[in-house]
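First comes the structure, then the notes that go with it.
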Amino acid sequence: MSSNVLRFTTAGNVDDGKSTLIGRLLVETQGAFEDQIEGAKRENERRGGKGIDFSLLTDGLKAEREQGITIDVAYRYFATPNRKFIIADAPGHEQYTRNLVTSASNSDLAVILIDARNGMMTQSRRHTFIAHLLGIRHFVVAINKMDLVDFRRERYEEIKRDFTDFVARLGGAEVYCIPISALQGDHVTGPSDRMSWYTGPKMLELLESIQVDDAAHKLPFRFPVQVVSRPPASPEFPDFRGYMGRVASGSVKVGDRVLVLPSGARSTVTGIVTRDGRLDEAVARQSVTLTLADDLDISRGDVISVEDRPPVSRTDFKATLCWMNERKLRLNHRYVLRHTTKTVRAIINEIDYRLNVNTLERESPVTELQTNDIGQVRIKTLQPVVCDLYKLNRHTGGFILIDENNDTVAAGMIQE
Amino acid sequence: MNQDWTHLRELESESIYILRETVAQFRNPVLLYSIGKDSSVLVHLARKAFYPGPLPFPFLHVDTGYKFKEMIEFRDRFCKEIGARLIVHRNEDAIAAGAHPLKLGVARCCGQLKTAALLHALDKYQFDAAIGGARREEERSRAKERVFSLRDAFGQWDPRRQRPELWSLYSGAINEGETMRVFPLSNWTERDIWQYIVQENIPVVPLYYAQERLVVRRNGTLIPADDAIHLKDGEVPEKMWVRFRTLGCAPCTGAVESRAKTLEEIAEETGSAKISERSTRIIDHGANTMEDKKREGYF
């Protein structure tokens, strides 16, 4: 069945019309209200503009509106009778890599805006590369401003070919291209009589129908323990011991044999407890409490998993890092690594290379990574990390690094 | 996948995960209970999150003294019924000095009765995390809010100091004196809230249901008028069918015209609303915006 929530990120250059597209989607699906639209109109007129500037609907902070820039990832919501949509809107310029990495980490699909006049630019490639790196395998390419290229089909086909070729080089993904005019509304939620040569779905139809089918459901069962529940005795629960958490991937049934890592202990699931009653099965993304047949020593950060195809328990690994802080990476410096519900001490021993996100070339040797740099590093941890490779499982393959100032300085993906 | 895995189940599971992370990562969390519909949903989720155990944190209500009497009645009955530990905190000095929006202006009144009171309570009880029902959809400065939102030692919010939040990794790492605001309902919209209230049959304050009430029209807003102290000279109350979309202090909360008398009718009305819910909150109007208030330490 289809997922009822679609989380997607939007990327594009400042002038590609991203805000206009999002603004239009919000207005036409009633994700924006009349008083907000009026507010955006008044603000635009105060600044000497005319009519509605959709970007004023989506720019959140006063500092941003005053300077006409976007600082941070903004979240937007709209819904149709069939689906709820969560947009993680990443700004197109300042801090682009860091923001796009953040917004892509929680998205199943990316909408890439391309100005039909310019075609695939360095920035389009960079955005697509980063989204792909973070595990996004569905791309909706909005080939925008078709009105400025006389709605020519050849232009659309050319850009479509460039994009498809580029994604094939990255390792493949589903690509859907739509010729639109966000400003005039062609193919956003309504039809376009000026591009009758295009017979595919409109933007909103596509977003409603794409099956991202969250791969998490097909993966082996993983359950990072959040909290061990030992409530005071009650008649119904005289001696309760349960493991609270959210199923990271796969599913589990009462009676399943499970493996607990890193200890390696084995047991059987005796109950899936919720306040709405006991369940026979828990599926990916579901928050539940599990009880096991044996009294094991399990604490926060341990992972309950299927017996066959278990995750691995590692104290050293290679990872792709995106550096996010103004203080640059320090080799052999102690960081805190947070992965699933586990927190461990970690050091970075070595930087293998830095990725040039524009040319996709690997640069080495390098001695440092700074804000918005992406590179491959080797990490050693003090305690074991129970993980999967990021390419196999985003939920158990991603981590963050925290420094002694308690700032989150990097996002990492376990590679090998 | 489970056939009934609806968007509400997805949101519910995410919120429960966030509530459990808060309890796992903080020494002394508190739930900011404002009595409104979002608080009702938040409490419902917290009870699910820690079942079969008891709620692992107390509730804090920052009372300005201007809350509707139906709200206070509901609060006391509801908290008793579910066995919650309720802390009510008021800025008694400001209340004794007669703080009122008509006298001080809305911004200064809120600053004293809400922001100062909240910061004082967090400090008095040494809470390190305050769980609130704010949603990103509500107001545009909230659209960039983190789930774990850092406040400095003065309770202030600095948008530039917020940490990136990736996957479902929420970092509760804080320095001495800093606190965290936690927003488990970040991804919920007003529509989701009402659909969930209907689905789960969650009790809410009767003010959300439409009935005939005395109101006055002030700057296009319908202000409740059962208490003469909130009236300006020359204002004449009239009887109208209204309900409240959001609940705050009586003198600063506008009603909307409505005939929605059941939860289903409210959910239906919300689904087709053309005006945003916060348009009835006077706090969001004027020069001192929600963004300014957040910077000062407002919820």
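Annotations for the structure displayed:
- About the Cα centre, charge dipole magnitude for the range A:217-306 (Lys/Arg +1, Asp/Glu -1 at Cβ), debye: 360
- Entry note, the range A:217-306: relative contact order of 36 percent, from Cα contacts under 8 Å with a spacing of 6+ residues.
- Among beta bridges that DSSP assigns inside the protein assembly as shown, antiparallel share in %, nearest 5: 75
- Hits among aspartates and glutamates - C-alpha to C-alpha of A:LYS202 under 20 Å, sequence gap 8 or more where chains match: A:ASP16, A:GLU28, A:ASP108, A:ASP115, A:ASP147, A:ASP150, A:GLU154, A:GLU157, A:GLU158, A:GLU174, A:ASP186, A:ASP193
- Shape of chain A from the C-alpha gyration tensor: prolate (a/c of 1.5 or more and a/b above b/c, with a ≥ b ≥ c the square roots of its eigenvalues).
- Nonlocal amide H pairs with A:VAL258, under 5 Å, H built at 1.01 Å: A:SER267, A:THR268, A:VAL269
- Top positive-direction residue, dipole computed over the protein assembly as shown with Cβ charges, set B:PRO206, B:ALA116, A:LEU113: B:ALA116
- Relative contact order [Cα under 8 Å, 6+ residues apart], the range A:5-213, whole percent: 23
- Shape of the protein assembly as shown, Cα gyration tensor, a/c cut at 1.5: oblate
- 9 Å beta-carbon shell around A:GLY31, net charge (K/R +1, D/E -1): -1
- Ranking of A:PHE240, B:PHE57 by count of other Cβ atoms within 10 Å, fewest first: A:PHE240, B:PHE57
- Eligible aspartates and glutamates near B:LYS69 by straight Cα distance, threshold 12 Å, same-chain separation 8 or greater: B:ASP226, B:ASP227
- Residue order, fewest to most surrounding Cβ atoms within 10 angstrom, among A:THR189, A:THR102: A:THR189, A:THR102
- Tilt relative to chain A, helix A:96-105 - C-alpha long axis, 0 to 90 degrees, to 10: 60
- About its Cα centre, the protein assembly as shown has a charge dipole of approximately 700 debye under the convention of +1 per Lys or Arg Cβ and -1 per Asp or Glu Cβ, with nothing else charged.
- Taking the centroid of alpha carbons for each part, the range B:80-151 and the range A:238-262 are 38 Å apart.
- For chain A, averaging the sequence separation of C-alpha pairs within contact (under 8 Å, six or more residues apart) and dividing by the residue count gives a relative contact order of 12 percent.
- Of the beta bridges in the range A:180-279, as assigned by DSSP with both residues counted there, near 90 percent are antiparallel.
- Per-pair calculated FRET efficiency, R0 = 51 Å: A:SER299 and B:GLU92 via Cβ, rounded to 0.05: 0.70
- Using a Förster distance of 41 Å, the FRET efficiency for A:ASP239-A:GLU281 (Cβ separation, nearest 0.05): 0.95
- Unsatisfied cross-links (Cα-Cα over 32 Å) in the set B:LYS37/B:LYS144; A:LYS41/A:LYS328; A:LYS84/B:LYS114; B:LYS80/B:LYS261; B:LYS124/B:LYS239; A:LYS18/B:LYS48: A:LYS41/A:LYS328; A:LYS84/B:LYS114; B:LYS124/B:LYS239; A:LYS18/B:LYS48
- Coupling constants for the range B:42-57 follow from the phi torsions by the Karplus curve (6.51 cos²θ - 1.76 cosθ + 1.60, θ = phi - 60°), and in residue order they are 4, 5, 4, 5, 5, 5, 5, 4, 10, 4, x, x, x, 4, x, 8 Hz; glycine and proline get x.
- For the range B:1-155: rounded, prolate or oblate by the Cα gyration tensor [a/c cutoff 1.5]: prolate
- Dipole magnitude for the range A:300-416: computed about the Cα centre from +1 point charges on Lys and Arg Cβ and -1 point charges on Asp and Glu Cβ, it is near 200 debye.
- Distance between the range B:186-236 and the range B:1-59 - C-alpha centres, whole angstrom: 25
- Each of A:LYS145, A:LYS18, B:LYS261 has some number of other Cβ atoms within 10 Å of its Cβ, and from fewest to most they run B:LYS261, A:LYS145, A:LYS18.
- Using alpha-carbon coordinates, inclination of helix A:122-133 to the longest axis of chain A, degrees: 20
- For B:LYS67, the residues whose amide H sits under 5 Å from its own are B:ALA250, ignoring neighbours fewer than 5 places away on the same chain, with H placed 1.01 Å from N.
- Taking each DSSP H run with n ≥ 4 as -39500 (n - 2.57) and averaging over every residue of chain A yields -6000 deg cm²/dmol at 222 nm.
- ³J(HN,Hα) computed for each position of the range A:170-177 - Karplus, 6.51 cos²θ - 1.76 cosθ + 1.60, integer Hz, glycine/proline x: 6, x, x, 5, 6, 10, 10, 9
- Antiparallel %, DSSP beta bridges [both residues in chain A], to 5: 75
- For B:LEU60, residues with placed amide H under 5 Å, excluding near neighbours: B:LEU31, B:LEU32, B:TYR33, B:ILE87
None of the figures in this text is laboratory data; all of them are computed from the coordinates on show. If you're wondering where the values come from, they're calculated on a predicted model, not measured in any experiment. With ideal geometry, Cβ positions are generated from the backbone for all residues, glycine too; neighbour counts draw on all protein chains shown.
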